[in-house]
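J.: Please find one structure pasted underneath; my questions will follow.
The values are calculated or read from the model by the stated rules, or taken from the named source; none is laboratory data. Everything quoted here is computed from the prediction, not taken from an experiment. Glycine also receives a Cβ, built like all others from the backbone with ideal geometry; neighbour counts cover every protein chain displayed. Side chains included, ligands, DNA and RNA excluded: accessible areas come from the protein's heavy atoms. Shrake-Rupley method; radii C 1.70, N 1.55, O 1.52, S 1.80 Å.
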Amino acid sequence: MNMKKNMNIKCTVSQCKNNLVTEDYCCLDCIHVGTHEADPTVPECVDCNSFVKRTDSALD
Ligand code: SF4
(Lines give C-alpha, C1' and ligand atoms only; values in the text may rest on other atoms or scores of the structure.)
Protein backbone atom coordinates (compact mmCIF):
# COMPACT_ATOMS: atom_id res chain seq x y z
CA MET A 1 0.00 0.00 0.00
CA ASN A 2 1.29 3.43 -0.89
CA MET A 3 0.73 5.54 2.22
CA LYS A 4 1.31 9.27 2.39
CA LYS A 5 1.69 10.88 5.80
CA ASN A 6 -0.56 13.73 6.77
CA MET A 7 1.74 16.30 8.40
CA ASN A 8 -1.24 17.69 10.30
CA ILE A 9 -2.11 14.46 12.12
CA LYS A 10 0.58 13.01 14.38
CA CYS A 11 -0.29 9.60 15.78
CA THR A 12 1.65 6.81 17.50
CA VAL A 13 -1.01 4.10 17.32
CA SER A 14 1.01 1.53 15.41
CA GLN A 15 -1.80 -1.02 15.69
CA CYS A 16 -3.90 1.10 13.32
CA LYS A 17 -3.56 0.30 9.64
CA ASN A 18 -3.83 4.02 8.79
CA ASN A 19 -0.64 4.77 10.75
CA LEU A 20 2.70 5.42 9.05
CA VAL A 21 4.54 3.60 11.81
CA THR A 22 8.03 4.63 10.78
CA GLU A 23 7.23 8.31 11.29
CA ASP A 24 4.33 8.39 13.78
CA TYR A 25 1.85 10.07 11.45
CA CYS A 26 -1.63 9.25 10.25
CA CYS A 27 -2.05 8.77 6.50
CA LEU A 28 -5.70 9.73 6.20
CA ASP A 29 -6.72 13.13 4.81
CA CYS A 30 -9.16 13.56 7.66
CA ILE A 31 -10.01 11.66 10.86
CA HIS A 32 -13.12 11.43 12.98
CA VAL A 33 -12.61 12.04 16.71
CA GLY A 34 -15.31 11.25 19.22
CA THR A 35 -15.88 10.28 22.83
CA HIS A 36 -17.23 7.26 24.67
CA GLU A 37 -18.05 9.39 27.75
CA ALA A 38 -21.14 11.45 28.51
CA ASP A 39 -19.01 14.27 29.91
CA PRO A 40 -15.35 13.98 28.77
CA THR A 41 -12.79 15.55 31.13
CA VAL A 42 -9.37 14.13 30.20
CA PRO A 43 -7.64 13.01 26.98
CA GLU A 44 -8.36 9.37 27.82
CA CYS A 45 -12.06 10.10 27.31
CA VAL A 46 -11.71 10.74 23.59
CA ASP A 47 -11.09 8.34 20.74
CA CYS A 48 -10.05 8.26 17.13
CA ASN A 49 -13.07 6.69 15.47
CA SER A 50 -11.14 6.31 12.22
CA PHE A 51 -9.03 3.59 13.83
CA VAL A 52 -8.91 0.33 11.87
CA LYS A 53 -7.06 -2.60 13.37
CA ARG A 54 -4.04 -3.68 11.38
CA THR A 55 -4.59 -7.25 10.31
CA ASP A 56 -1.23 -8.15 8.78
CA SER A 57 1.85 -8.63 10.90
CA ALA A 58 4.12 -6.64 8.60
CA LEU A 59 4.28 -2.97 9.45
CA ASP A 60 4.12 -1.60 5.95
S1 SF4 B 1 -6.90 6.67 11.92
FE2 SF4 B 1 -6.67 7.52 14.01
S3 SF4 B 1 -5.63 5.93 15.18
FE4 SF4 B 1 -5.36 5.46 13.02
S5 SF4 B 1 -3.39 6.37 12.45
FE6 SF4 B 1 -5.01 7.87 11.98
S7 SF4 B 1 -5.15 9.17 13.79
FE8 SF4 B 1 -4.06 7.30 14.38
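J.: To one decimal place, what orientation-averaged projected area in nm² is obtained for the convex hull of the Cα set of the chain?
T.: On the way: hull surface 18.0 nm².
Its Cα hull, projected and averaged over all orientations, spans 4.5 nm².
J.: Give me the 1.4 Å probe accessible area per residue for the range 1-54, excluding ligands and nucleic acids, in Å².
T.: For the range 1-54, the per-residue accessible area is 76 Å².
J.: Here is a further query. Considering the chain as a Gaussian network with a 10 Å cut-off on Cα pairs, which listed residue, Asp29, Asp39, Asp47, attains the greatest mean-square fluctuation?
T.: Ranking Asp29, Asp39, Asp47 by mean-square fluctuation puts Asp39 first.
J.: Explain nothing, just the number: relative contact order of the range 1-54, from Cα pairs under 8 Å at least 6 residues apart, as a whole percent.
T.: Numbers: 80 pairs, mean separation 17.2, N = 54.
Answer for the range 1-54 is 32 percent.
J.: Further question on the same structure: Cys45: net charge of surrounding residues, Cβ under 10 Å, Lys/Arg +1, Asp/Glu -1, itself excluded? Present the calculation step by step, with values, prior to reporting the outcome.
T.: Details: positive: none; negative: Glu37, Asp39, Glu44, Asp47.
After counting each charged neighbour, the total is -4.
J.: Report the extension gain between Thr35 and Lys4 in nm, rounded to one decimal, defined as 0.36 nm multiplied by the number of residues separating them, less their alpha carbon distance.
T.: Gain on extension, Thr35 to Lys4, equals 8.5 nm.
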